[in-house]
1. For the stretch 3-262, what's the radius of gyration and Dmax over Cα atoms, in angstrom?
2. Calculate the FRET efficiency for Glu165 and Ile100 from the Cβ-Cβ distance with a Förster distance of 51 Å, rounded to the nearest 0.05.
3. Could the peptides 42-53, 182-193, 206-217 be put in order, highest first, of the mean number of other beta-carbon atoms found within 10 Å of their residues?
4. Work out from phi, with θ = phi - 60° and the Karplus expression 6.51 cos²θ - 1.76 cosθ + 1.60, the ³J(HN,Hα) of each residue of the stretch 253-260, listed in order in whole Hz, and give x for Gly and Pro.
5. Which whole-angstrom value gives the distance between the alpha carbon centres of the stretch 175-234 and the stretch 91-155?
6. Sort 224-234, 106-116 for me by packing, meaning the mean count of neighbouring Cβ atoms within 10 Å per residue, highest on top.
7. Computed FRET efficiency, Cβ-Cβ of Glu260 and Thr157, R0 35 Å: what is it to the nearest 0.05?
8. Report the far tail of the P(r) of the stretch 153-206, meaning the percent of Cα-Cα pairs longer than 15 Å.
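All of the numbers you see were taken from the coordinates with simple rules; none came from a lab. Owing to the predicted nature of the structure, the values given are computational and were not obtained by experimental measurement. As a convention, Cβ positions derive from the backbone with ideal geometry for all residues, glycine included, and neighbour counts pool all protein chains shown.
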Amino acid sequence: MKRNILSKVILLALVAFTMACKTKKKVVVVVPPVSDSVVVDRKKSETLQLLQQKDVAFTTLSLKGKAVLEINGNPNDVSMNIRIRKDEGIWVSVTGFMGIEGARALITPDSIKVLNKLQGVYLKKPFNYVHRFSNQQVNFKMLQAILSGNTINELMTEGSDLQLENGVWVVEGEQAALGYRVLFNTLMKVSENNLNDLKSWKSLKVVYGDYQNMNGALFPTSLSINSMAGTQKINLKLDFSKVESNVPVEFPFNVPGKYEVIN
């Protein structure tokens, strides 16, 4: 595989957060069964606000786990270290066989930077570079919400269709060329995100599983992600091994002078 292709595959994997990991012991909150006695007696705006109130409030997140990254049917065992400083940056380190770091990425609202340490190359692009692999509506805060299991603010508007299906809320609609369908569980937490580019073969499906208590809030312990961009397909199942919020986080990212800058 050519160096520039490999780095773009790594970038796509990081943007789609395609990882899977085995967990240590955790406090799991079981989702209550669906009740047939749910009564809808509030306005749409009030329900949307109630759903958003279940979001995890944080200034920083530190997430760790072991992962199986599968790209076009080819699995790779890796460990991942993810750090988020709310609305400022997402830092990712990918470590492979024998604890050797293979890639490091830094995503901000304005830019994408990726170090491919295995082949000594460096990619730097404006944030809109991710639109090669995703819908034009995708922005930094949307990626941040997907990672944290929170609602995507742009979709939680009165312009969306809000329905109660089988005792749980569903938010769906279209914005420009972005089609979306968001399912909630009986804890009123996001259980599934479906994002589709209506003009191309680009889609992202994220399914959230069990939850753990993190500083009094519920954070997903598991994710199942399916991403498709043209012929590029990425699948994963994810369980975090360590989740911390509101702790100091650093974003070390130094580019050695010998690294080659690629497009």
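1. Final numbers for Rg and Dmax: 18.4, 65 Å.
2. On the way: r = 47 Å, r/R0 = 0.92.
The value I calculate is 0.65.
3. Working: 42-53: 13.6, 182-193: 19.5, 206-217: 16.8.
Most protected by this proxy first, the peptides run 182-193, 206-217, 42-53.
4. Each residue of the stretch 253-260 in turn: 7, 10, 9, x, x, 7, 6, 8 Hz.
5. Using only Cα atoms, the two centres lie 17 Å from each other.
6. Numbers: 224-234: 16.8, 106-116: 18.8.
In decreasing order of mean packing, 224-234, 106-116 become 106-116, 224-234.
7. Values: r = 44 Å, r/R0 = 1.27.
That pair, Glu260 with Thr157, gives E of 0.20.
8. Details: 652 of 1431 pairs.
Cα-Cα pairs of the stretch 153-206 separated by over 15 Å account for 46 percent.
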